[in-house]
1. Could you check the range B:9-65 for strands (runs of 3 or more DSSP E) lying wholly inside it with 3 or more residues that are open to solvent by less than 20 Å² (accessible area, probe 1.4 Å)?
2. Considering the range A:1-57 alone, what residues qualify as being assigned to a loop (DSSP other than H, G, I, E, B) and of a type in the set (Asp, Glu)?
3. Could you go through the range A:8-16 and let me know if any residue there is open to solvent by less than 20 Å² (accessible area, probe 1.4 Å), touching a residue at least 12 places away in the same chain (Cβ under 8 Å) and closer than 25 Å to B:GLY101 by Cβ.
4. Could you count how many residues in the range A:45-60 are over 15 Å from the mean Cα position of the chain (by Cα), within 11 Å of chain B (Cβ to nearest Cβ) and open to solvent by 50 Å² or more (accessible area, probe 1.4 Å)?
5. Go through (1) more than 24 Å from A:ARG40 (Cα to Cα); (2) within 14 Å of another protein chain (Cβ to nearest Cβ); (3) not in a loop (DSSP other than H, G, I, E, B) for B:GLN6 and report which single condition fails.
6. Would a scan of the range A:67-84 turn up a residue that is within 9 Å of chain B (Cβ to nearest Cβ) and among the hydroxyl-bearing types (Ser, Thr, Tyr)?
7. Going by the conditions given, is A:TYR31 without any contact (Cβ under 8 Å) to a residue 40 or more places away in the chain, within 24 Å of B:TYR92 (Cβ to Cβ) and away from chain B (no Cβ under 12 Å)?
8. Among the numbered criteria (1) in contact (Cβ under 8 Å) with a residue 24 or more places away in the chain; (2) over 20 Å from A:ARG107 (Cβ atoms); (3) more than 11 Å from chain B (Cβ to nearest Cβ), which one does A:TRP36 miss?
Amino acid sequence: QVQLQESGSGLVKPSQTLVLTCSVSDASTTYSNYSWTWVRQPPGKGLEWIGYVYYSGSAYFNPSLQSRVSISVDRTARQVSLMLSSVTAADTAVYYCARSINRVTTRYIDVWGKGATVTISS
Amino acid sequence: DIQLTQSPSSLSASVGDRVTITCRASQSIHTYVNWYQHKSGKAPKTLLYGASKLEGGVPSRITGSGSGTEFTLTITSLQPEDIATYYCQQSYSNPWTFGQGTKVEIK
């Protein structure tokens with residue numbers, strides 16, 4: 001079973017850029033039937049979809065974050081990256097990397113990472 | 001954006017009870033609804049996709065149904081390991097959205 005492991009800075013200063021990397025344990029990043037998704041959970045709140053990137057490189061983001069977020073995939077390194085700029089305390093959350101099956105008839109997250117806690121504070 | 005409303009927000013039931021969680025969408029999403037189980041401090045787990053298809057390894061006491069705007073997740077016999085928060089999620093259109101979650105506890 002594929003495993004996803006998030007890593008990155010756990011503490012980011014306000015106005016700076018949050019960068020997280022997700023390491024994928026198998027060759028899923030080279031398969032065209034998967035897209036790569038990030039989801040976050042602020043403290044005491046529910047899950048929030050950040051966005052995903054297709055194998056083609058096309059990406060879709062939550063409109064509430066669209067101006068500040070990017071997601072990219074390095075297929076050969078088996079890594080997925082999230083960048084979120086101009087962060088504020090409202091971006092404090094557990095960030096989950098996830099693999100999605102994204103076909104016309106079937107679209108869902110099938111594998112989740114364990115999550116990375118990110119705190120925005122000076 | 002498509003809004004998903006789950007009910008109840010929380011519930012308490014006894015081991016062996018039948019538990020039902022409802023998810024209502026603000027517009028038709030056909031069967032593009034998925035269900036996830038989230039235990040505190042752990043990675044979410046995928047339970048169902050396409051409204052009723054069971055993900056591999058998920059016990060058969062968990063079932064899903066519905067289409068259009070109303071969906072249900074049912075646990076036919078609640079077990080202690082089912083204690084978690086359950087989320088529905090729609091993948092019919094971008095942005096994907098989640099329901100607010102239903103916390104399930106043992107009475």
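The values are calculated or read from the model by the stated rules, or taken from the named source; none is laboratory data. Small disclaimer: the values here were computed from a predicted structure and weren't measured. Reconstructed Cβ throughout: ideal geometry from the backbone, glycine too, with neighbour counts over all protein chains shown. Protein only, heavy atoms only, side chains kept; ligands, DNA and RNA dropped before computing areas. Shrake-Rupley method; radii C 1.70, N 1.55, O 1.52, S 1.80 Å.
1. Passing ranges, in order: B:19-25, B:33-38, B:45-49.
2. At the first step, the residues of the range A:1-57 found to be assigned to a loop (DSSP other than H, G, I, E, B) are A:1-3, A:9-10, A:13-17, A:25-26, A:31-33, A:42-47, A:54-57.
Of everything in the range A:1-57, just one residue is assigned to a loop (DSSP other than H, G, I, E, B) and of a type in the set (Asp, Glu), namely A:ASP26.
3. no
4. Taking the range A:45-60 and keeping what is over 15 Å from the mean Cα position of the chain (by Cα), we get A:45-46, A:56.
From the residues that got through so far, the ones that are within 11 Å of chain B (Cβ to nearest Cβ) too are A:45-46.
Still in the list and also open to solvent by 50 Å² or more (accessible area, probe 1.4 Å): A:45.
Selection size over the range A:45-60: 1.
5. Failed condition: (1).
6. Pass one, the range A:67-84, residues within 9 Å of chain B (Cβ to nearest Cβ): none.
No; the residues of the range A:67-84 include none that is within 9 Å of chain B (Cβ to nearest Cβ) and among the hydroxyl-bearing types (Ser, Thr, Tyr).
7. Numbers: without any contact (Cβ under 8 Å) to a residue 40 or more places away in the chain: yes; within 24 Å of B:TYR92 (Cβ to Cβ): yes; away from chain B (no Cβ under 12 Å): yes.
So A:TYR31 fits the description; yes.
8. Unmet condition: (2).
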